[in-house]
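Below: one structure, written as structure tokens.
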Amino acid sequence: MKKIISMVMAVCMIITCLTACSSAETAVKTTAPGGTTTSAAPAKTNAPGTKLDVEKVKIGVILPFTGDLAAIGELMWNGIEFYTNNYNAKGGTQIELVKADTTGKPDVGVTEIERLITAEKVDVVIGPYNSAVGAATAPIAEKYKTPYLLICCTNNLILTNGYRYVFRANTCNWQDSNDVMQVLYDLRDRDPANAPTKFAILYENTDNGLDVLKEYQTRFVDYGGEIVLEEPYEADLTDATALATKVKASGAQVTYVSSYLADAILITNTFAQYKVDTVILSNGGGYSTPDYVKSCGTTADGVMTLSSWDVGILANKPKEATDLNNAFKAKYGQDFDEYTSNGYLTMAVVMHVIETGKTTDKDKFRDTLASLDLPPDAPELILHPYGGLKFSTADNLYHDMLNQNIYASSVMLQVQNGKFVMVGPAAALKEQTLIWPVQTWAKR
Amino acid sequence: MFVFIQSLIDGIMQGGVYASIAVGLSLVFGVMRMINWSHGETLMWSLFIAYFMISGLGMDPYVALPFVGIIMFIWGFFLQKFVLNKLLARDKNREPISVLLFTAGLGIAMANGALMAFGAVPKLAKTAYASMAIEAGSTIIVVSKLISFCISVIFCVGLYIFLQKTETGRAMRATSQNRVVAKLMGINEQKTYILAFAIGTAMIGVSAALLSPYFPATPMIGEGFSSRSFIIVVLGGKGSVLGALAGGLVVGLILSIGGQYLSSSYAEVLTFVVFVLTLLFRPSGLLSKEKE
């Protein structure tokens, strides 16, 4: 019997360890917390004509590979891995990715980024998706003077601390809220009789949630709307009924909410069950993932969400962008999305900087990155609708933020017949696609 | 006023389901004096099993219910028989620390095992009940939640009758009151533990099938239900089925009405305040075993 118990406990331990480790097809080092590392493939030697004088570039990828946010961590990893595979296949300098799992928690993130920098000695760190971890890990990267490119991590406040080594190529909360409001302003101009005037804001009881609340409190009032409800909630909901009944009682025509995927699904379905006639409006999070529409289907019809990416963007991009998306879809079974594209973008920026500076020296990397000024048709921006890539400077802060890409922007999607349709910005569309007003539950 | 009535109805319905989730924990705690830290993760796995039966085999969730219950009964049976009984025997004359540690580790393994097996994407079964609701004026009663509540209460009451009226049930209650004397009376302690644990896990399976029409299965959801179940067990008194039902209703009402008039965050805090007050002033629970 002791043997059986020992075997059961050993199996439990092995399963737990296996969860923290994974194999990859590229030259990827996978590292479980605690520092045990394995390499999946050896680095190649320099071929003649290689752009760099280094054999390999070591990039620390700090993401939530397990935990509640693992679904999005996995998406980002796919984008990063896809770029890496393509880059390494060209020969010459090789990218080595070192994984670090934050589990979505700031304290774990701090330990992991410290390990990446001091033990793994990575050249650059990219990640970590959620702003709570971003805020906790940014000072660590700054302390060790290691370039740190944030992926997602949209909280404005992270870049208001004057960190010289922390950058963000994708949008921040300010830009996201700007893009959200632009769609509402366009709607009001086009259809003033039906434009929304009553807004509810549901926000997570976290730093980022409060940052978002502050953004939209100002934005909705400037728009001329009335905020009829501001309601905090704890992530990982087990029941969204109270939120649904409160929003219903408030009479809000539009409910702004940003949630992770499980909460997004629960809130959407609960609103449907209680026939809450409000349009959910989000700046992304779980609402902009393919799994959200897969799970909710037509129940989510009418929901509007910001996203860094949509297949509709390809209409205004060169053929190479469509080819890239098709290649990605062939490998991963779905189009790019907000998270995969941001992972891809960040890798593209990192390698562009390294190729430009021809070095992995951290200070030179930082300086090269800070001085980047890419046009909108740069290869690195092939997937994104940005007006370019240029980081704000100490002399020219962007809404108090240092090292924020001042040209980052998003598109607005709406769920129609269980699928995402790009509905904004108006300038990017050939025809008006937004369905407004959204059908009430009584008529569905 | 309609808001209060809506909250009241929602709280009662959700509380009934919380009760059916917690009653297994209460039974195990009462009979074996054992805390099963993998309780929430067992619910999580049951949710996945229910999901695959509904989505993969096309079963109705209420048809899948007995099957999920049986699967989890078997799981509990073997776990108790081949692992937990041995650990309890080892810790016979002291606090069951080994069991505590084992179930804690098992919970972690189950959560991460689910993550590996099913991925991190939440899985919500598409059923005909998903958006069915009864509208009574301004009040909405979600059909799936109403059915879940009714079945939860039936199972809880059924379990209560089983414990009160059957020989096996009386043996379980006797063991929970005094295992030494129960043994002297000829009650097989080991078999009683196996049955109690298996019934507990079967109740978790039933609860998961009831949740499946409206609650997505995700690998990390177990922790939230574990903590809620512990609160309900303390409120209701360990080993008390009717206590678990009452505790579940109390928690459901606090979360619903508190969430409506304060916020979801404060409502959660309120449940812990009630939990602490109960521990301080009525540690035996609202409907402790001594009263039954």
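The values are calculated or read from the model by the stated rules, or taken from the named source; none is laboratory data. Owing to the predicted nature of the structure, the values given are computational and were not obtained by experimental measurement. Reconstructed Cβ throughout: ideal geometry from the backbone, glycine too, with neighbour counts over all protein chains shown.
Of the numbered criteria (1) within 27 Å of A:R188 (Cα to Cα); (2) without any contact (Cβ under 8 Å) to a residue 40 or more places away in the chain, the one A:F199 fails is (2). A count restricted to the stretch A:239-280 and to residues that are hydrophobic (A, V, I, L, M, F, W, C) and part of a helix (DSSP H, G or I) stands at 13.
Being over 16 Å from the mean Cα position of the chain (by Cα), within 14 Å of another protein chain (Cβ to nearest Cβ) and among the aromatic types (F, W, Y) is a property that does not hold for B:F225. Got at least one residue in the stretch B:232-254 being surrounded by fewer than 19 Cβ atoms within 10 Å (Cβ to Cβ), away from every other protein chain (no Cβ under 14 Å) and part of a helix (DSSP H, G or I)? Within the stretch B:232-254, none of the residues are surrounded by fewer than 19 Cβ atoms within 10 Å (Cβ to Cβ), away from every other protein chain (no Cβ under 14 Å) and part of a helix (DSSP H, G or I). Restricting B:I70, B:I49, B:I54, B:I21 to residues that are modelled with pLDDT of 90 or more and surrounded by fewer than 17 Cβ atoms within 10 Å (Cβ to Cβ) narrows the list to B:I70. Of the strands (runs of 3 or more DSSP E) entirely within the stretch A:78-169, those holding at least 2 residues that are under 16 Å from the mean Cα position of the chain (by Cα) occupy A:124-129, A:148-152, A:166-168.
The residues in the stretch A:209-226 that are more than 24 Å from the chain's Cα centre (by Cα) and either in a strand (DSSP E or B) or within 14 Å of chain B (Cβ to nearest Cβ) (or both) can be counted, and the count is 1.
Of all residues in the stretch B:9-59, count the ones that are in contact with a helix residue (DSSP H, G or I) (Cβ under 8 Å, 6 or more places away or on another chain), among the polar types (S, T, N, Q) and part of a helix (DSSP H, G or I). Adding up the residues that qualify gives 5. Counting the residues of the stretch A:60-76 that are out of contact with any Ser or Thr (no Cβ under 9 Å at 6 or more places or on another chain) and touching a residue at least 60 places away in the same chain (Cβ under 8 Å) gives 1.
Listed conditions (1) within 17 Å of B:T192 (Cα to Cα); (2) more than 14 Å from chain A (Cβ to nearest Cβ); (3) modelled with pLDDT of 85 or more are all met by B:V83, apart from (2).
One residue stands out in the stretch A:159-173 among those that are crowded, with 20+ Cβ neighbours inside 10 Å and not hydroxyl-bearing (S, T, Y): the one that is modelled with the lowest pLDDT, namely A:N173. Of all residues in the stretch A:253-280, those satisfying the criterion of being of a type in the set (S, T, N, Q) and more than 9 Å from every other protein chain (Cβ to nearest Cβ) are A:Q253, A:T255, A:S258, A:S259, A:T268, A:T278.
Only residues that are under 15 Å from A:Y129 (Cβ atoms) and touching a Leu at 6+ places or on another chain (Cβ under 9 Å) were counted across the stretch A:150-165, and they come to 3. Residue pairs whose Cβ atoms lie under 6 Å apart, sitting 6 or more positions apart in sequence or on different chains, and linking a residue in the stretch B:1-26 that is within 10 Å of another protein chain (Cβ to nearest Cβ) to a partner that is of a type in the set (D, E) and outside any helix (DSSP H, G or I), are B:Q14/A:D239.
Looking only at residues that are surrounded by 23 or more Cβ atoms within 10 Å (Cβ to Cβ) and facing another protein chain (nearest Cβ under 10 Å) in the stretch A:281-295, which one is farthest from A:C172 (Cα to Cα)? This residue is A:S295.
Of all residues in the stretch A:296-306, those satisfying the criterion of being within 12 Å of chain B (Cβ to nearest Cβ), crowded, with 22+ Cβ neighbours inside 10 Å and of a type outside the set (S, T, N, Q) are A:C296, A:A300. Filter the stretch A:53-77 down to residues that are aliphatic (A, V, I, L, M) and assigned to a loop (DSSP other than H, G, I, E, B) and give me whichever is nearest to the chain's Cα centre (by Cα). Top of the filtered list is A:L69. Scanning the stretch B:126-136 for residues that are touching a helix residue (DSSP H, G or I) at 6+ places or on another chain (Cβ under 9 Å), closer than 27 Å to A:A249 by Cβ and either at the interface with chain A (Cβ under 10 Å from one of its Cβ atoms) or in contact (Cβ under 8 Å) with a residue 60 or more places away in the chain (or both) gives B:Y129, B:A130, B:S131, B:M132, B:A133. Could you go through the stretch B:256-277 and let me know if any residue there is closer than 29 Å to B:I71 by Cα, within 14 Å of chain A (Cβ to nearest Cβ) and among the acidic types (D, E). Within the stretch B:256-277 (the criterion being closer than 29 Å to B:I71 by Cα, within 14 Å of chain A (Cβ to nearest Cβ) and among the acidic types (D, E)), the answer is no, since none of the residues qualifies. Restricting A:N161, A:N156, A:N205, A:N173 to residues that are in contact (Cβ under 8 Å) with a residue 12 or more places away in the chain, within 14 Å of chain B (Cβ to nearest Cβ) and touching an Asp or Glu at 6+ places or on another chain (Cβ under 9 Å) narrows the list to A:N205.
Suppose the filter is among the hydroxyl-bearing types (S, T, Y), closer than 26 Å to B:L195 by Cα and part of a helix (DSSP H, G or I); does B:S144 pass it? Here the answer is no, as B:S144 does not meet what is asked. Remark: pairs (first residue in the stretch B:104-120, without any contact (Cβ under 8 Å) to a residue 12 or more places away in the chain; second residue buried (at least 22 other Cβ atoms within 10 Å of the Cβ) and outside any loop (DSSP other than H, G, I, E, B); Cβ separation under 6 Å; 6+ apart in sequence or on different chains) = B:M116/A:T19.
On the basis of being touching a residue at least 12 places away in the same chain (Cβ under 8 Å), closer than 25 Å to B:L253 by Cβ and in contact with a Lys or Arg (Cβ under 8 Å, 6 or more places away or on another chain), does A:S250 make the cut?
Here the answer is yes, as A:S250 does meet what is asked.
Here's the yes/no breakdown for (1) more than 11 Å from chain A (Cβ to nearest Cβ); (2) of a type in the set (S, T, N, Q):
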residue: B:F78; (1), (2): no, no
residue: B:V99; (1), (2): yes, no
residue: B:L124; (1), (2): no, no
residue: B:S138; (1), (2): no, yes
residue: B:I147; (1), (2): yes, no
residue: B:Y160; (1), (2): yes, no
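Scan the stretch A:227-252 residue by residue and report those that are among the charged types (D, E, K, R) and more than 7 Å from chain B (Cβ to nearest Cβ). Answer for the stretch A:227-252, where residues must be among the charged types (D, E, K, R) and more than 7 Å from chain B (Cβ to nearest Cβ): A:E230, A:K248.
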